[in-house]
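First the structure, in the form of structure tokens, and then the observations on it.
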Amino acid sequence: MSTLESPLYRLHVELGASMTEFAGWQMPLRYESDVVEHTAVRNAAGLFDLSHMGELMVRGEDAAAALDYALVGHMSRMGLWRAKYTMMCSDDGGVIDDLVVYRRDWDHFMVVANAANREKVAAELTRRFAAAGLDATVEDETAAIALIAVQGPASAEIVASMCELGADDIRTIKYYTAANILLEGGIHAFVARTGYTGEDGFELFVSAVEAREVWELAARHGEGAGLIPCGLASRDSLRLEAGMPLYGHELSHDTTPFEAGLGRIVSFGVDGGPKRGDFVGRVALARAKDEGPAKVLVGLAGDGRRAARTGYAVTDHEDRQVGVVTSGMPSPTLGRPIAMAYVPPQLAEPGTDVGVDVRGRREHMRVVALPFYKRDA
Amino acid sequence: MASIPEELKYSKEHEWVAGELTSGSVVTVGITAHASEALGDVVFAEPPAVGATVTAGDVCGELESTKAVSELFSPVTGTIVEVNEALENEPESINAEPYGSGWIFKVELSGAAEGLLDAAAYAEVSE
């Protein structure tokens with residue numbers, strides 16, 4: 001597979017970023033310091049290039065019904081300009097990808113998929129729409145769109161100051177809501193109050209040809225507020241502290257949304273409420289819900305220094321493996337090791353003591369409630 | 001391009017060694033700028049204990065960043081006579097001054113150190 005480049009690739013190199021390959025894309029890992037970038041997002045603001053994320057446009061008379069069938073959420077119930085976190089599951093209930101879906105018009109949705117799963121999701125949406133005999137098309141517009149995120153407590157003021165028209169919308173839209181904005185210089189942007197950091201923040205979907213202008217506009221307007229460019233390393237540490245799952249770590253084909261603690265996003269319809277038709281995975285997911293999960297995603301926190309990492313064994317008091325770590329690192333905000341792991345339900349209660357085999361040495365950790373970090377409301 | 005001081009010797013595992021390489025002398029060991037940049041911000045350093053014997057090419061400790069964990073290899077054979085206690089509270093020195101305040105441990109050599117690279121040879125390894 002050839003390596004894909006963000007429209008901002010040259011800019012990152014000019015800024016001195018350490019580049020890394022991520023899901024086939026050359027993306028910035030860090031500019032200078034992971035921890036400085038992480039802390040900037042917690043205290044002020046960070047600027048991220050997320051152009052590797054897939055934007056799949058679903059259009060057509062039956063677009064809403066088609067997504068209802070293809071995804072686990074009830075997409076036709078979404079209002080205009082709303083965003084919804086959802087998943088695509090297979091017939092057996094395993095997660096194919098986790099997605100954010102934006103309703104841009106009554107017959108137009110934008111499905112944002114993980115870079116590694118973009119092609120699979122696009123193909124599967126097309127297949128499912130055809131199988132259901134519904135009139136909706138899928139177009140992969142990833143290459144034409146740049147996704148630039150401004151995240152952190154100062155983000156609303158920064159993004160508002162970038163606007164020629166729509167600054168009031170930026171200040172007032174709620175979390176998981178979007179607006180069409182005209183940025184300085186007459187640049188059109190679809191701006192959503194969404195993110196993956198645990199902070200207030202915005203994601204700006206703009207034309208790839210205007211990506212550099214938008215990035216530089218944000219950098220200029222954010223400078224005084226402490227905004228700095230941030231790479232994927234800090235994005236990962238921020239999302240882990242916020243207890244957010246990452247596909248390939250907490251989520252996979254072998255995991256159901258219920259095991260991941262995200263059963264609430266699976267909509268079976270409400271008795272006496274709006275009708276919810278059939279959807280792919282419904283039977284298996286209904287069974288998974290009834291039976292209860294065989295493994296549960298939990299947070300772990302340690303008092304020592306050595307961090308659990310992806311794939312390490314979780315052990316019980318007799319040193320038998322009972323689970324596995326999906327993500328882990330020393331938390332920059334909390335100053336202690338944190339991790340997410342799958343364990344049996346009987347070990348999932350906060351306060352439960354477990355061990356983690358950290359390269360041959362047992363480190364003591366404790367089950368804690370997720371998220372590890374929650375911003376002040 | 002990360003800096004590679006001329007006066008130091010290097011291992012292929014990206015440690016540097018400062019001092020006389022003869023038996024009985026005490027050398028200072030750290031990781032190179034190249035290694036610290038690859039690792040990201042070091043948040044925890046676990047050097048070998050004072051009094052421990054270390055063998056050239058063997059693992060003797062760990063360095064942990066938010067992104068990754070890296071094994072620390074000893075570039076020389078001998079006995080640990082001192083470790084950089086300041087790293088306990090300021091592990092970021094390893095990134096800020098990898099050849100200065102970010103030094104990690106000192107070893108009294110049990111024999112003449114062998115197989116180390118000069119700056120030019122290390123530059124090729126770390127390209």
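The values are calculated or read from the model by the stated rules, or taken from the named source; none is laboratory data. Computed from a predicted model, the values in this text were never measured in an experiment. Virtual Cβ from ideal backbone geometry, glycine too; neighbours counted across all protein chains shown. Heavy atoms of the whole protein, side chains included, go into the accessibility calculation; ligands, DNA and RNA do not. Shrake-Rupley method; radii C 1.70, N 1.55, O 1.52, S 1.80 Å.
Taking amide hydrogens as placed 1.01 Å from N in the peptide plane, the amide H of A:Ala146 sits under 5 Å from those of A:Val206, A:Ser207, A:Ala208, each at least 5 positions away in sequence or on another chain. Using a probe radius of 1.4 angstrom, the carbon and sulfur fraction of the accessible surface of the range A:143-236 is 54%.
List every residue whose amide H lies under 5 Å from the amide H of B:Ala52, counting only residues 5 or more places away in sequence or on a different chain, with H placed 1.01 Å from N in the peptide plane. Amide H neighbours of B:Ala52, under 5 Å, 5+ apart: B:Ile80. Interface of B with A. Using a 1.4 Å probe and counting protein heavy atoms only, the two chains hide about 1400 Å² of accessible surface, both sides summed.
Using a Gaussian network model of chain B in which every pair of alpha carbons under 10 angstrom is joined by a spring, one finds that among B:Lys67, B:Lys12, B:Lys106 the greatest mean-square fluctuation is at B:Lys67. If only the Cβ of Lys and Arg carry +1 and only the Cβ of Asp and Glu carry -1, the dipole of the protein assembly as shown around its Cα centre is close to 1780 debye. With the charge dipole of the range B:9-108 set up from +1 on Lys and Arg Cβ and -1 on Asp and Glu Cβ about the Cα centre, the Cα lying farthest toward the positive end among the listed residues B:His14, B:Ala45, B:Val83 is that of B:His14. Extension gain for the segment A:Thr3 to A:Val270, taken as residue separation times 0.36 nm less the Cα-Cα distance, is 91.6 nm to one decimal. A:Gly355 sits among other residues whose Cβ lies under 14 Å from its own Cβ, and their net charge, with Lys and Arg +1 and Asp and Glu -1, is -1. Applying a DSSP loop filter and a limit of 15 other Cβ atoms within 10 Å to the trypsin sites (Lys or Arg not before Pro) in the range A:285-339 leaves A:Arg320. Since only B:Ala56, B:Pro98, B:Ala35 are under comparison, the one whose Cα sits farthest along the positive direction of the charge dipole of chain B, derived from C-beta charges on Lys, Arg, Asp and Glu, is B:Ala56.
Between A:Ala144 and A:Glu349, the simple spin-label model (points 7 angstrom out along Cα→Cβ) gives 5.6 nm. Full extension of the segment from A:Ser207 to A:Arg82, taken as 0.36 nm per residue of separation minus the current Cα-Cα distance, would add 42.9 nm.
Rounded to the nearest 20, the size of the Cβ-charge dipole of the range A:295-377 about its Cα centre is 340 debye, with Lys and Arg at +1 and Asp and Glu at -1.
By the rule of a C-alpha distance below 20 Å, with chain neighbours fewer than 8 residues away ignored, the lysines paired with A:Lys275 are A:Lys84, A:Lys289. Karplus-based coupling profile of the range A:115-123, in residue order and whole Hz: 3, 5, 10, 3, 5, 5, 5, 4, 5, with θ = phi - 60° in 6.51 cos²θ - 1.76 cosθ + 1.60 and x standing for Gly or Pro.
Peptide B:40-49 has a mean of 4 when you count, residue by residue, the C-beta atoms of other protein chains within 10 Å of its C-beta. Comparing A:Met365, A:Thr333, A:His317 along the charge dipole axis of the range A:295-377, the residue lying farthest to the positive side is A:Thr333, per the Cβ-charge model.
Solvent-accessible surface of the range B:9-108, averaged per residue with a 1.4 angstrom probe and all protein chains in place: 41 square angstrom. Distance from the C-alpha centroid of the range A:115-129 to that of the range A:284-310: 27 Å, rounded to the whole angstrom. Working ranking of peptides B:117-124, A:259-266 by packing, defined as the average number of other Cβ atoms within 10 Å per residue, highest first, is A:259-266, B:117-124. Taken about its Cα centre, chain B carries a charge dipole of about 200 debye when Lys and Arg each add +1 at the Cβ and Asp and Glu each add -1 at the Cβ.
Mean partner shielding of peptide B:56-66, defined as the number of other chain Cβ atoms within 10 Å of each residue Cβ, is 3.
The stretch between A:Asn43 and A:Glu291 holds 85.0 nm of extra length on full extension. This uses 0.36 nm per residue minus the Cα-Cα distance.
Within the shell defined by Cβ-Cβ distances under 13 Å, the residues around A:Glu32 carry a net charge of -4, with Lys and Arg each +1 and Asp and Glu each -1.
Loop-located chymotrypsin sites (Phe, Trp or Tyr not before Pro) across the range A:245-338 with a Cβ neighbour count of 13 or fewer within 10 Å are A:Phe268, with loop assigned by DSSP. Among the GluC sites (Glu not before Pro) in the range B:1-58, those located in a DSSP loop and surrounded by at most 15 other Cβ atoms within 10 Å of their own Cβ are B:Glu6, B:Glu7, B:Glu20. With contacts taken as Cα pairs under 8 Å and at least 6 residues apart, chain A reaches a relative contact order of 17 percent. Put simply, the amide H of A:Thr255, placed in the peptide plane, has neighbours under 5 Å in A:Val95, leaving out anything fewer than 5 places away on its chain.
Spin-label model, B:Glu37/A:Leu182: points 7 Å from Cα along the beta carbon direction are separated by 4.5 nm.
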